[in-house]
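One structure is given below, encoded as structure tokens.
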Amino acid sequence: MEFQAGKSRVVIKEGDIVREETEAIVNAANETLLGGGGVDGAIHRVGGPQILEECKKIGGCKTGNAVITSGGRLRARYVIHTVGPVFRGGGRGEPELLASCYRRSLEVASTQGIKSLAFPSISTGAYNYPIEKASRIAIKTVVDCLGNHPEIQEVRFVLFSSKDFAVYQDAVKELK
Ligand code: ADP
């Protein structure tokens, strides 16, 4: 599924983000940047030790913020590491922090001159954010922010299961 957001293309697909050939892929990291499970584990496993070396030098990342490293042995040239909120009911700033992850990732990409990037579903794994809510925040924030970054040509959402893919497709239909 794909649609236009201003001058940019938004693609929603099912897949494994480590295989994406966008210039950057986004990692759902934790504040230490020292590696974890889920998508973070997959990115470090496939990308190799260079990414972790760069993460150690950066020294950490606050929830809602994003930092960039090289992509190591990944197809993508860069990894943008963002830290999603742990979901604790939704009344502790989680929606704003999750939106900030997508916004800051696009800002970091734009600063680096990156024209295509792929997002996983941030916070909806180990961090327990209900994907029905998170998907709507993800798509709305990216569509809104792309207005500020017309130089970004393509943003992909890469969902790891057919169920997650279906939820994101519903979210797009609802926002249109
Ligand atoms: P968080 O801690 O932010 O919740 P997780 O990595 O636990 O991060 O999960 C975030 C989402 O990433 C989940 O929907 C999970 O299914 C998905 N995921 C896990 N591995 C991959 C992968 N290789 N490619 C794309 N998405 C993935």
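Coordinate-derived values only; no laboratory data. Keep in mind the model is a prediction, meaning the values are calculated, not measured. Cβ: placed from backbone, ideal geometry, glycine included. Neighbour counts: every protein chain shown.
Here are a few things to note about the model shown:
- Leading residue by the ranking (nearest to SER123 (Cα to Cα)) among those in the range 8-21 that are within 13 Å of the ligand (Cβ to nearest atom) and not in a loop (DSSP other than H, G, I, E, B): ILE17
- Checking each residue in the range 38-61 for being more than 16 Å from the ligand (Cβ to nearest atom), under 20 Å from ARG75 (Cβ atoms) and of a type in the set (D, E, K, R) picks out GLU53, GLU54.
- Residues of the range 22-37 classified as within 10 Å of the ligand (Cβ to nearest atom) and surrounded by fewer than 16 Cβ atoms within 10 Å (Cβ to Cβ), total: 1
- The residues of the range 139-165 that are within 11 Å of the ligand (Cβ to nearest atom), touching a residue at least 40 places away in the same chain (Cβ under 8 Å) and not in a strand (DSSP E or B), listed by number, are PHE160, SER161, ASP164, PHE165.
- Taking the range 22-45 as the range and being farther than 15 Å from VAL108 by Cβ, hydrophobic (A, V, I, L, M, F, W, C) and not in a loop (DSSP other than H, G, I, E, B) as the test, the residues that pass are VAL39, ALA42, ILE43.
- Looking across the range 82-132, the residues that are assigned to a helix (DSSP H, G or I), more than 14 Å from ASN27 (Cβ to Cβ) and within 13 Å of the ligand (Cβ to nearest atom) come down to GLU94, LEU97, LEU98, ILE131, GLU132.
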